[in-house]
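First the structure, in the form of structure tokens, and then the observations on it.
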Amino acid sequence: MLAALPVAVEQYDTKERKRKVVEIAARHAELLVREVERANGYRLQARQSISETQEKTMKIQFLVAILGLAISITLPTFAQQKETLDPQLRQMIDAFANKYAAAVNKNDAAAIASLYAEDAVFLTSGGPKYGREAIKKFYADLFQQFHISNYTSKADQYSPHDICTAGTETLEIGEWSCTIQGQGGSPVELKGYYSSIYCREGEDWKIKMVSSNTTQ
């Protein structure tokens with residue numbers, strides 16, 4: 001038994017060393033796998049980050065391109081509008097404004113109605129008035145209750161705007177103001193904005209549609 005002890009110890013030491021070597025190798029292998037996985041994870045995150053960055057960059061470039069396209073389309077349109085402003089149409093709407101103001105300041109419903117087309121529409125706070133006769137009645141009723149004076153209107157610098165390729169309709173946008181006084185009341189200053197559509201009837205122009213608001 002004693003003679004066999006050194007051999008047994010030696011065998012035991014050999015097996016123990018092998019076991020420890022195997023354990024150490026396994027631990028190293030496990031650590032190596034973890035390091036590889038971690039490295040792959042970093043690479044994956046880096047790729048995802050690069051991919052997201054590239055995607056955001058592409059989106060930004062796309063939006064910039066779209067914005068540039070929109071600007072390139074819009075700016076020439078406004079430029080063309082200003083460059084192609086018809087001076088004769090501008091003279092027409094300015095002269096029309098003077099006629100309208102003269103009729104209103106005279107409180108003449110018939111004269112005002114004569115400036116409208118037969119099938120014109122006049123939008124009021126009480127609802128739309130359809131046709132020349134209805135517009136005439138509206139003003140006649142208005143003048144029975146109020147006296148209007150100092151009426152003026154002025155188209156903006158970009159008017160008129162062509163709204164028909166045939167050149168038979170045009171849009172005017174501008175500001176108006178007047179003094180209105182009820183029976184036994186004090187005069188009140190009013191002003192606002194308006195838009196008018198004109199249509200050509202032979203050699204003359206008539207108001208096709210008017211809408212306005214009051215800001216004061």
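Just so you know, all these numbers are worked out from the coordinates, no wet-lab data involved. Everything numeric in this text was worked out from a predicted model, so none of it was measured. Note that each Cβ is placed from the backbone with ideal geometry, even for glycine, and that neighbours are counted across all protein chains shown.
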For this session: Take the Cα of residue 123, step 7 Å along the line toward its Cβ, and report every residue of region 170-194 whose backbone nitrogen sits under 19 Å from that point.
Result: 170-177, 191-194
Problem set entry | region 87-212 - percent relative contact order, Cα under 8 Å, separation 6 or more | 24
For this session: Sort 123-130, 138-145 for me by packing, meaning the mean count of neighbouring Cβ atoms within 10 Å per residue, highest on top.
Result: 138-145, 123-130
Problem set entry | Net charge of Cβ neighbours under 15 Å - reference residue 191; Lys, Arg +1; Asp, Glu -1 | -2
For this session: Please give the net charge around residue 167, taking every other residue with its beta carbon less than 11 angstrom from that of residue 167, where Lys and Arg add +1 and Asp and Glu add -1.
Result: -2
Exercise. Taking the Cβ of residue 207 as the center, what net charge do the other residues with Cβ under 10 Å away carry, scoring Lys and Arg +1 and Asp and Glu -1?
Worked result: +2
